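Beneath this line is the structure, given in structure tokens, with notes to follow.
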Amino acid sequence: MLKVNICSGTQCAFKGNLEILEYLQEDSIFKNKIKVVIKNCMDKACRDDKAPVVIIGDEKIFNATLDKVLKLIEEKLK
Amino acid sequence: MNDFLVRGLYTDVVDIRRKVFIETAKLILNNDYKDVSKIKLEVLKIPFKIINKENATYRCCVHKERAIVAERVRLALGLPLWEGALKGPVTTGIGTALKHEKIRTEEIVKVIPEACEKCEDNIIRVTDNCKKCLAHPCSLVCPVDAFSFTEEQAVINQENCIKCRRCLNACPYNSIIYQKRPCSAACGVKAIGSDNENRAVINHEKCVNCGMCITACPFGAIAAKSESVQVLISLKEKRPMYAIIAPSFIGQFGPLVTQEQIISGIKKIGFRDVVEVAYGADFTTVTEGKLWYKKIYGQGKKYIGTSCCPAWVDMTKKMFPKLSGNILDSHTPMVATAKYIKDKTPDAVVCFIGPCTAKKSESLRPEVIEYVDFVITFEELAAILIAMDIELAEMDKTELHAHASGSGRNYAVSGGVANAFKEYINKFYPDAEVIIEKRDSLKECAGMLRQAESGSLRANLLEGMACPGGCAGGAGVLAPIKYTSKKIDKFAKESEYYPAAENPEID
């Protein structure tokens, strides 16, 4: 099971992570293959305008967007 | 379906809108707002901060993208659109926005003309999926000879087409589509027309400021005027600011943030206190529950509509003027809550924070204007929190003022208002029978009123809400609609008491 950590700190939540979270939770294609974990502000990784932050496996995505996140999950699941 | 998908995604439209709110908040926080010339210089920088690439991403060129951002900044400041240099530079009128009172105007939801891509409305079109088949059932079912065929595909002569849509169902390749403008498709009061350039334009005589067109336009061409700059100035001037927060606030700022932390965060911005609007909802349930009984059983009215959604109330007034006597008009939860604060603290300045753009219009009503000084959305609040670098997860979990009942907290979801009424009426007027009919989009609300008008509706309590799912689906929300609805339900159930009448602060 691939772990997807989604930061839900105020910055990250406002800049798109709430939508990424909702999308992954509802997605039927990755169902049973990924484990979505909601995290509270991961050591301010978002500082210097890098919000939102998503960590897939051990890889951090800064300025995460849905397409970036889906692409990396797809790669990691190969 | 389409609407839901656009709304559930964090698109570049949302991104730019939120960046504008953050930058305008920083403008006031990081500068002396009395230094108008400095503010003007800083305002001119915002489009370049937000559109900071060399090449255009969405439009013809970066200059156009920046010009559109400049218009968004004007609306965020509370100003009218610029619409060209003939009346002066883009910073014209900024001095009038830099004060501690909001700019009053009925025109809240606006189309930014440059941003409108003039998409076609109400048109039937053949897509490139057409195979120019031998059977061509499309033209066979066409009653007006609108079809002709090029070498590649079928073409519809728009002058002949009567939009009967027979061809849509006949095509074996699903190659024919019916296209409505996303904005006018989302508008339940038919307020969106076209100007002479074929750009969308809002008829403010019909518009009720629900904001659904803002969420629907994929080009971000529609925006609402904000009051957050004037709120920030009021806070900087240390006016006695009180926030009243709509029941849909639960879950808006991330799943791990508690309601107590949200309230602590709002206080950290500089508000003296925060009161849940669900308290006012309890007041509304009790006073309007009584009124409902009086009107149905005393005055022989056949049905009565709820008052809390301003877009629904305004739609009734504008589209069904004869029925306005059937809609309750006592104090809405927002007004009741503001009044509760001003009765205790007469010099209080009250700011409503909610999901709703129509509340900006309600706050201008003559009977409301003295109670509610400002209205901002959750989105505008979050932008202020971020501009001030406030992380809600780090806030105190101080005690929540238990001002409200569970039924009051449930006002934010479709059905919640009517259910609160029913519970109250059943308890205090056991002889009365409450039959509920509810709708949660203005188009459907209008349908409900038409049915009521024609006498084909059995219901005697009509609940109208303009947004999908109720307030949880408002134009100014942050969290997904389904998620918020679940959180509200949980929060309502965990309340100390559920029925409105058990709220000890309600007479």
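The C-beta contact set for the stretch B:295-315 (first residue open to solvent by 30 Å² or more (accessible area, probe 1.4 Å), second residue of a type outside the set (S, T, N, Q) and not in a helix (DSSP H, G or I), distance under 9 angstrom, 6+ apart or interchain) comprises B:LYS295/B:LYS301; B:LYS295/B:ILE304; B:LYS295/B:LEU328; B:TYR297/B:TYR429; B:TYR297/B:ASP431; B:TYR297/B:ALA432; B:LYS302/B:GLY455; B:LYS302/B:LEU457. Considering the stretch B:206-289, the qualifying helices (runs of 4 or more DSSP H), each wholly inside and each with 2 or more residues that are open to solvent by 10 Å² or more (accessible area, probe 1.4 Å) and under 23 Å from B:ASP314 (Cβ atoms), run over B:212-216.
Yes/no per residue for (1) closer than 26 Å to B:ALA223 by Cα; (2) in contact with a helix residue (DSSP H, G or I) (Cβ under 7 Å, 6 or more places away or on another chain); (3) among the β-branched types (Val, Ile, Thr); (4) buried (at least 24 other Cβ atoms within 10 Å of the Cβ):
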| site | (1), (2), (3), (4) |
| --- | --- |
| B:LYS360 | yes, no, no, yes |
| B:VAL372 | yes, yes, yes, yes |
| B:ALA383 | yes, yes, no, yes |
| B:ILE386 | yes, yes, yes, no |
| B:ASP389 | yes, no, no, no |
| B:MET395 | no, yes, no, no |
| B:ASN410 | no, yes, no, yes |
| B:VAL413 | yes, yes, yes, yes |
| B:ALA420 | no, yes, no, yes |
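As for the stretch B:172-184, it holds at least one residue that is more than 30 Å from B:ILE68 (Cβ to Cβ), open to solvent by less than 60 Å² (accessible area, probe 1.4 Å) and at pLDDT 95 or above. Picking from residues in the stretch A:16-40 that are charged (D, E, K, R) and free of Cβ contacts under 8 Å to residues at least 40 places away in the same chain, the one that is nearest to the other protein chains (Cβ to nearest Cβ) is A:GLU22. Of all residues in the stretch B:104-127, those satisfying the criterion of being of a type in the set (Val, Ile, Thr), outside any strand (DSSP E or B), at pLDDT 95 or above and under 28 Å from B:LYS360 (Cα atoms) are B:ILE108, B:ILE112. Taken over the stretch B:99-112, the criterion of being hydrophobic (A, V, I, L, M, F, W, C) and surrounded by fewer than 22 Cβ atoms within 10 Å (Cβ to Cβ) is satisfied by B:ILE103, B:VAL111.
One line per residue, one yes/no per condition, for (1) in contact with a helix residue (DSSP H, G or I) (Cβ under 9 Å, 6 or more places away or on another chain); (2) not small (Gly, Ala, Ser):
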| site | (1), (2) |
| --- | --- |
| B:ASN157 | no, yes |
| B:LYS163 | no, yes |
| B:CYS167 | yes, yes |
| B:ALA170 | yes, no |
| B:ALA186 | yes, no |
| B:ILE192 | yes, yes |
| B:ASP195 | yes, yes |
| B:VAL201 | yes, yes |
| B:THR215 | yes, yes |
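Look at the stretch A:1-15 and say how many of its residues are more than 11 Å from chain B (Cβ to nearest Cβ) and either on the phi > 0 side of the Ramachandran plot or open to solvent by 10 Å² or more (accessible area, probe 1.4 Å) (or both). Lay out the reasoning, then the answer.
The first filter runs over the stretch A:1-15 and keeps only residues more than 11 Å from chain B (Cβ to nearest Cβ), leaving A:1-5.
With the extra rule that they be either on the phi > 0 side of the Ramachandran plot or open to solvent by 10 Å² or more (accessible area, probe 1.4 Å) (or both), the set shrinks to A:1-3, A:5.
Matching residues across the stretch A:1-15 total 4.
When the stretch A:41-60 is filtered for residues that are buried (at least 19 other Cβ atoms within 10 Å of the Cβ) and within 11 Å of another protein chain (Cβ to nearest Cβ), the ones remaining, listed by number, are A:CYS41, A:CYS46, A:ALA51, A:PRO52.
Restricting to the stretch B:357-393, name every residue that is within 14 Å of chain A (Cβ to nearest Cβ), among the acidic types (Asp, Glu) and touching a residue at least 12 places away in the same chain (Cβ under 8 Å). Spell out the reasoning first.
Looking only at the stretch B:357-393, we keep the residues that are within 14 Å of chain A (Cβ to nearest Cβ), and these are B:377-393.
Now restrict to residues that are among the acidic types (Asp, Glu): B:379-380, B:389, B:391.
The answer is B:GLU379, B:GLU380.
Pairs linking a residue in the stretch B:424-442 that is assigned to a loop (DSSP other than H, G, I, E, B) to a residue that is open to solvent by 100 Å² or more (accessible area, probe 1.4 Å), with Cβ atoms under 6 Å and 6 or more positions apart or on different chains, are B:ILE435/B:ARG458. Take B:GLU496 and decide whether it is open to solvent by 30 Å² or more (accessible area, probe 1.4 Å) and either of a type in the set (Val, Ile, Thr) or assigned to a loop (DSSP other than H, G, I, E, B) (or both). Judged against the criteria, B:GLU496 is a match.
Where in the stretch A:23-74 are there strands (runs of 3 or more DSSP E), lying fully within it, with 2 or more residues that are under 20 Å from B:PRO255 (Cα atoms) and of a type outside the set (D, E, K, R)?
Ranges flagged: A:34-39, A:54-56.
The values are calculated or read from the model by the stated rules, or taken from the named source; none is laboratory data. The shown structure was predicted, so the numbers you read here are calculated from the model rather than taken from an experiment. Glycine gets a Cβ as well: all are built from the backbone with ideal geometry, and neighbour counts include every protein chain shown. Accessible surface is based on the protein model in full, side chains and every heavy atom, while ligands, DNA and RNA are left aside. Shrake-Rupley method; radii C 1.70, N 1.55, O 1.52, S 1.80 Å.
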